[in-house]
1. Using a simple spin-label model with points 7 Å from Cα along the Cα→Cβ vector, what separation in nm is obtained for E86 and E100?
2. Using the Kirkwood formula over every pair of different C-alpha atoms, what hydrodynamic radius in Å results for the range 4-161?
3. Report D for the range 79-217 in µm² per second (integer): Stokes-Einstein, Kirkwood Rh on Cα pairs, 37 °C, 0.692 mPa s.
4. Given the rule -39500 (n - 2.57) for each run of at least 4 DSSP H residues, summed and divided by the residues of the chain, what is its mean residue ellipticity at 222 nm, to the nearest 500 deg cm²/dmol?
5. Counting only other residues whose beta carbon sits under 13 Å from that of S251, what net charge do I get with K and R as +1, D and E as -1?
6. Starting at 0 and stepping by 10 Å, how many percent of the alpha carbon pairs of the chain end up in each bin?
7. For the range 80-124, take N as its residue count and report Rg(C-alpha) divided by 2.2 N^0.38 Å.
8. Taking only the C-alpha atoms, wrap a convex hull around the range 45-105 and report its volume per residue in Å³ as a whole number.
Amino acid sequence: MSNNIPKNFSQTVMKALTVLEYIAEQGKEMGVNEVARGLKMDSSTTYRLMATLSARGYLRQDRDTNKYRIGPRVLLLYKAMQDVLELRRLASPYLNRLVEQTGETAHLMALQGAEGVYIERVDSPQTVRMVSYVGKQELLHCSSVGKAILAHLPEEEVDWIIEVRGLPRITPNTITDPVVLKQQLEEVRRLGYAIDDMEGEESVRCVGAPIFDLTGKPIAAISVAAPAYRAGFERLRSFAPFVIEAARAISRELGYEERPGSAASPARRVVK
């Protein structure tokens, strides 16, 4: 095992992941000493790591042989990745259509814990466009996709996200007051879409709408983003019906059944 672990990384976590990956790659049950030799690690350290992974379900120990194999909890990680891939597959044609309808960049962001992660984007054909990338993590309070999700989460979950991540100022326009943020989230629920007015990135505006799963939970959002000089509020708001309809269509494909008076029902309403 390489010891060239960056100083700002957790040595213990890196070693635990290395152990887990090594056992997975070998494709068989393995004893502590066998893993320790293979990774050139101390046996006592290897034992503690494997015992911890076993306690969490990422490894499973055979009581007869005392050897370890990959545990069932790894399937949760696999399922989460499969869910992301399925969401990307379902959303892809709608993102392409949004780019055709608006001429601007379309994004898909998934909720992961207290943050969002961009899992797909389709670029604008324009020469000048915003800079973003798949895999980028995003604070929820300063993006249209993030606010679209926050608006439909239970208040206690919103409070938890604020407590965990805070409301740091990213640009002069970032909302940093919880009261002001919650007032805006009420407006997002009423309208069916959220606007990012240069709050997460200077000179960029976005409009986003939430995607709901089978249970009605907001699990993701899509948006159209453009340089601010090209996206005044009238033009930005003209994108809203397209974004909302795409989000609603993806939600339906995920099994969400929209009901009159439900969170997504104000979708066609646009401020003039």
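What follows is calculated from the coordinates using simple rules that are stated; it is not laboratory data. The model shown is predicted, which means the values in this text are computed figures rather than measured ones. Reconstructed Cβ throughout: ideal geometry from the backbone, glycine too, with neighbour counts over all protein chains shown.
1. Using points 7 Å along Cα→Cβ, the separation is 2.6 nm.
2. The answer is 19.0 Å.
3. Answer from the Stokes-Einstein relation: 212 µm²/s.
4. -14500 deg cm²/dmol
5. Summing Lys/Arg as +1 and Asp/Glu as -1 gives -1.
6. 7, 26, 26, 18, 15, 7, 1, 0
7. Compactness ratio reported: 1.19.
8. Expressed per residue, the convex hull around the Cα atoms of the range 45-105 is 96 Å³.
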